[in-house]
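**Student:** Pasting a structure here, questions to come.
The values are calculated or read from the model by the stated rules, or taken from the named source; none is laboratory data. All of these numbers come straight from a predicted model, not from anything done at the bench. So basically every Cβ, Gly included, is an ideal-geometry build from the backbone, and we count neighbours across all protein chains shown.
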């Protein structure tokens, strides 16, 4: 994404909670792209710019989104469970993990039907309906899920996790992406 004057710079691995929030914005943008193209073309042949945008969104959810889930479930949530203040969020984290599993199932459908649409040029009515239903569920789930993380869980983590634990979350996130962490 090109940088625009006045645009807020994205966080880096030295600010893992900010980076997780930035990832939420990407999830929202790419999901919106899938929904807009799906609604606009309704299973019919996509225009070249729609094909490009749709592929890019599918690729994002195929490769980057699982890393985001691991950032939360493998790096952040276990650390929150280890500190006394994090125990208040146990039910919340269980619900978020359940959301991740439901999202995985819907993303698998969207991926399969979306790739078929790109390959064949059209999508039959049954698959089109199933894909739209999966996209609707994802949109509703992410709306709630992201709100909870951005407004409740991440601020809690910022307050109760020691700086060295947050730094370790950032290091793990960088490793997951094959990135070099700069101090």
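**Student:** One residue is enough: does region 43-58 have a residue meeting the conditions at pLDDT 95 or above and within 24 Å of residue 155 (Cα to Cα)?
**Tutor:** No; the residues of region 43-58 include none that is at pLDDT 95 or above and within 24 Å of residue 155 (Cα to Cα).
**Student:** Look through 138, 161, 166, 153 and report the one residue that is at pLDDT 95 or above, within 11 Å of residue 76 (Cα to Cα) and under 16 Å from the mean Cα position of the chain (by Cα).
**Tutor:** Every option except 153 fails the conditions.
**Student:** Hey, another quick one. Give just the number: which of (1) more than 22 Å from residue 19 (Cβ to Cβ); (2) in contact with a helix residue (DSSP H, G or I) (Cβ under 8 Å, 6 or more places away or on another chain) does residue 94 not satisfy?
**Tutor:** With (1) more than 22 Å from residue 19 (Cβ to Cβ); (2) in contact with a helix residue (DSSP H, G or I) (Cβ under 8 Å, 6 or more places away or on another chain) applied to residue 94, the lone miss is (2).
**Student:** With (1) within 14 Å of the chain's Cα centre (by Cα); (2) at pLDDT 95 or above; (3) under 21 Å from residue 153 (Cα atoms); (4) surrounded by 16 or more Cβ atoms within 10 Å (Cβ to Cβ) as the list, and residue 30 as the residue in question, which single condition is left unmet?
**Tutor:** (3)
**Student:** Where residues in region 167-181 are out of contact with any helix residue (DSSP H, G or I) (no Cβ under 6 Å at 6 or more places or on another chain) and assigned to a helix (DSSP H, G or I), which of them is nearest to residue 23 (Cα to Cα)?
**Tutor:** Taking the candidates together, the pick is 174.
**Student:** Let me ask something additional. Any chance region 87-98 includes a residue that's modelled with pLDDT under 95 and more than 20 Å from residue 142 (Cα to Cα)?
**Tutor:** Yes - at least one qualifying residue is present in region 87-98.
**Student:** Hey, can you tell me all the residues within region 113-128 that are surrounded by fewer than 13 Cβ atoms within 10 Å (Cβ to Cβ) and assigned to a helix (DSSP H, G or I)?
**Tutor:** 119, 120, 125, 126
**Student:** Please work out if residue 135 is in contact (Cβ under 8 Å) with a residue 40 or more places away in the chain and crowded, with 18+ Cβ neighbours inside 10 Å.
**Tutor:** yes
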